[in-house]
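Have a look at the structure below, then the notes.
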Amino acid sequence: EPEVTQTPSHQVTQMGQEVILRCVPISNHLYFYWYRQILGQKVEFLVSFYNNEISEKSEIFDDQFSVERPDGSNFTLKIRSTKLEDSAMYFCASSGQVSPLHFGNGTRLTVT
Amino acid sequence: AQTVTQSQPEMSVQEAETVTLSCTYDTSESDYYLFWYKQPPSRQMILVIRQEAYKQQNATENRFSVNFQKAAKSFSLKISDSQLGDAAMYFCAYRSANQGGSEKLVFGKGTKLTVNP
């Protein structure tokens with residue numbers, strides 16, 4: 001069964017540094033997402049991406065965040081200047097026109 | 001805005017027994033989808049079961065079934081014949097049907113299920 005893959009599985013960065021989280025969605029899916037889960041809390045929607053543009057974003061997704069689909073297969077989340085409170089598990093997900101959401105295994109981001 | 005509430009932070013069940021996890025939600029929409037996701041210690045999010053609001057029949061997937069009460073806005077998950085591998089965090093989630101193909105989900109805070117041997 002096709003999977004959403006995310007790299008790296010764990011990323012440690014210093015406060016103020018830029019970080020890029022990478023994802024390869026399922027190949028025939030059309031919608032791409034990033035969700036975030038701070039340790040011990042619920043999963044929160046960050047952004048959805050369709051037809052090469054952001055279709056919806058949450059209030060969490062401020063100017064420090066950006067997404068890109070640079071080459072037709074990868075889907076990236078960039079955090080421009082990380083803060084301590086950005087430490088969380090970041091999940092990439094994708095879906096087709098009628099298929100449900102498929103999540104990747106997540107990237108654990110630790111900001112020190 | 002839609003909200004999802006899981007009132008049980010933790011639940012435990014004996015192996016082979018049945019357990020029910022509660023979920024309520026708030027929405028003004030008439031058409032939507034509801035989901036249960038399982039998150040084992042590996043942190044992966046795994047879809048357990050999905051329910052379309054327009055379907056009166058409760059969804060079932062092997063040992064997992066739901067009790068969907070639309071008027072009460074309740075969507076509980078029943079796990080029968082619990083197994084040690086069922087131990088995980090369980091998240092209830094809501095999705096509006098008015099999103100085209102988009103799958104923006106609103107999650108509850110989760111219920112941690114422990115299965116005792």
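Taking the Cα-to-Cβ direction at A:Arg69 and at B:Ser96 and moving 7 Å from each Cα, how far apart do the two end points lie in nm?
Between A:Arg69 and B:Ser96, the label points sit 2.2 nm apart.
Please work out, to two decimal places, the log10 of the ratio I(q)/I(0) at q = 0.08, 0.16 Å⁻¹ from a Debye calculation in which every Cα of the protein assembly as shown carries one identical scatterer.
For the protein assembly as shown at q = 0.08, 0.16 Å⁻¹, log10 I(q)/I(0) is -0.29, -1.14.
Given the pairs B:Lys38/B:Lys78; B:Lys55/B:Lys104; A:Lys42/A:Lys78, which are separated by over 18 angstrom at their Cα positions?
Pairs exceeding 18 Å: B:Lys55/B:Lys104; A:Lys42/A:Lys78.
Please list, short to long, the whole-number percent of alpha-carbon pairs of segment A:39-96 in consecutive 5 angstrom bins beginning at zero.
Whole-percent P(r) values from 0 Å outward: 4, 14, 29, 27, 16, 7, 2.
If r is the Cβ-Cβ distance from B:Glu61 to A:Arg80 and R0 is 35 Å, what FRET efficiency results, to the nearest 0.05?
For R0 = 35 Å, the calculated efficiency reads 0.25.
Using a 10 Å cut-off around each Cβ, can you sort B:Leu105, B:Leu21 from fewest to most neighbouring Cβ atoms?
Ascending number of Cβ neighbours within 10 Å: B:Leu21, B:Leu105.
Give the Kirkwood hydrodynamic radius (Å, one decimal) of chain B, defined as one over the mean of 1/r across all pairs of different Cα atoms.
About 14.3 Å, per the Kirkwood formula over Cα pairs.
Could you work out the Kirkwood radius for chain A, taking every pair of different alpha carbons, averaging 1/r and inverting it, reported in Å?
One decimal place: 13.9 Å for the Kirkwood radius.
Every number in this text was worked out from the coordinates using simple rules, so none of it is lab data. This one's a predicted model, so the numbers in the text were calculated from it and none came from an experiment. As a convention, Cβ positions derive from the backbone with ideal geometry for all residues, glycine included, and neighbour counts pool all protein chains shown.
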